[in-house]
Amino acid sequence: MYSHKLRKVKKTKLRIKRDAVNNKSKSYNISGIAWSGRGKIKRVDISMDGGQNWRPARLQGPILNKSITRFNMDWNWDGKRSILQSRAIDETGYVQPTMRLLREVRGTRSIYHNNAIQSWLVDLNGEVSNVQTM
């Protein structure tokens, strides 16, 4: 059975870009897009430690109703393994769920509208890969 609730997806995607001015530094710009089917994006938070601590990202306009909103944050990588995550919060107060919360609601067999927070491992050599955290 189809439900309109499934269309109200909130999601974020991340991209990591090395500072073009000083490529010997460990300075990066983390950027991405966020969207919600419930309204405007109010805030995007980024974690560099697998969701233990969150910092607000800069939103880039225009911020429109039910539309993609760009965000970014500068990050000085210390060379240690890091797990990057981003989460969106919309004007209704809905917070993008963790995979654990999403599975509690939908179970493990749901493959559609996976709007859980995605995790990106930055390894010691700087290689980035998508990982799943619970």
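The values are calculated or read from the model by the stated rules, or taken from the named source; none is laboratory data. Remember, predicted model here, so these are calculated numbers, not experimental data. Here the Cβ positions follow ideal geometry from the backbone for every residue, glycine too, while neighbour counts run over all protein chains shown.
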Practice prompt. Can you work out which of the residues in region 96-127 that are loosely packed, with under 15 Cβ neighbours inside 10 Å and not in a loop (DSSP other than H, G, I, E, B) is modelled with the lowest pLDDT?
Written response: VAL105
Worksheet item: Given GLY39, GLY79, which one is exposed (fewer than 12 other Cβ atoms within 10 Å of the Cβ) and either among the β-branched types (Val, Ile, Thr) or assigned to a loop (DSSP other than H, G, I, E, B) (or both)?
Response: GLY79
Discussion item. With the structure loaded, tell me whether GLN52 is farther than 25 Å from THR133 by Cβ and surrounded by fewer than 17 Cβ atoms within 10 Å (Cβ to Cβ) or whether it fails that test.
Written reply: no
Worksheet item: What is the number of the single condition among (1) surrounded by 18 or more Cβ atoms within 10 Å (Cβ to Cβ); (2) part of a loop (DSSP other than H, G, I, E, B) that VAL44 does not meet?
Response: (2)
Worksheet item: If you check ARG103, ARG81, ARG55, which single one turns out to be within 15 Å of the chain's Cα centre (by Cα) and of a type in the set (Lys, Arg)?
Response: ARG55
Discussion item. Between a residue in region 45-66 that is β-branched (Val, Ile, Thr) and any residue that is assigned to a loop (DSSP other than H, G, I, E, B), which pairs come within a Cβ distance under 9 Å, given they are 6 or more apart or on different chains?
Written reply: ILE46/TRP54; ILE46/ALA57; ILE63/LYS40
Worksheet item: Taking the condition more than 20 Å from HIS113 (Cβ to Cβ), modelled with pLDDT under 95 and of a type in the set (Phe, Trp, Tyr), does TRP35 pass?
Response: no
